[in-house]
Structures are given as structure tokens and as C-alpha cells.
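To start, the structure under review is shown below, and the notes come after it.
The values are calculated or read from the model by the stated rules, or taken from the named source; none is laboratory data. Values in this document were obtained by computation on a predicted structure and should not be read as measured data. Quick reminder, even Gly has a Cβ in these numbers, built from the backbone with ideal geometry, and neighbours come from all protein chains shown.
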Amino acid sequence: MSEAKPAPQRPSVLSLNINSKSALYAAFMPHLRSGGIFIPTTRSYIIGDEVFMLLSLMDDPAKLPIAGTVVWITPAGAQNGRAQGIGVHFNNDESGQEARRKIEGLLGGVMQSARPTHTL
């Protein structure tokens, strides 16, 4: 007898609107090879889950469609009052690269700051 494998789940779809440079700095994960972003959420995820997000940055009316993988989880009740949510590593594709370029362009020199972020 062989066990039936569960059908792969479709990636979950998330939406994130970032309205300020300080919020973008706190959410961006530049230490990941393709870049990534922290998304506050109460949904349950596990490392390796695929997600799809629509990201709005500051005054830009365009939403960036980005696929990625969950690489970080901050559970409810985390130390130091950190927000519950997930860190998503952008896929190394055109949309992920465009998102990283846009975010780095908006942040400029602020990326060198020692201020804490949602993840590190």
C-alpha cells in the first residue's frame, strides 16, 4: 500500500501597505540573498511555506506582486514586544529583484542604521 500524498497547497495571498520610510526600514530584510520583508499577520505558517504578496510602498499607487518563501516566524507574545508575523524571502525572479531595488532605492543611506527591525 502506498500512502496518498497531500496535494500541494496554493500559496497564501497577503497584502502589505507600507506608508513610511521608518516602517519600511523595520520590515525590510536586506540580509537575505534576494531580499525579503516582514509581514505582520496572525495567520499560522511554517518555515518553507510559499506566499504571494501585493506590496504597496509609500506614495506609489502600484502594488508590487511578489512571490516568496517564509523564512522567519515571530510568534504571538514574542520577547521585547515584537509584532507577530512572518519574514518572507523574495523569490529570485524579476518581481523579487524589482521589489528589492525599489526598497533599497527608497531607503538609501538609512539601510546602514543600527536601529532594531522586526526581525533582527
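Computed quantities for the displayed model
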{"item": "Selection from segment 17-52 of residues that are of a type in the set (A, V, I, L, M), within 9 Å of the chain's Cα centre (by Cα) and at pLDDT below 95", "result": "Ala27, Met29"}
{"item": "Scan of segment 24-56 for residues that are in contact with a helix residue (DSSP H, G or I) (Cβ under 6 Å, 6 or more places away or on another chain), of a type outside the set (Phe, Trp, Tyr) and either without any contact (Cβ under 8 Å) to a residue 40 or more places away in the chain or part of a strand (DSSP E or B) (or both), ordered by number", "result": "Ile37"}
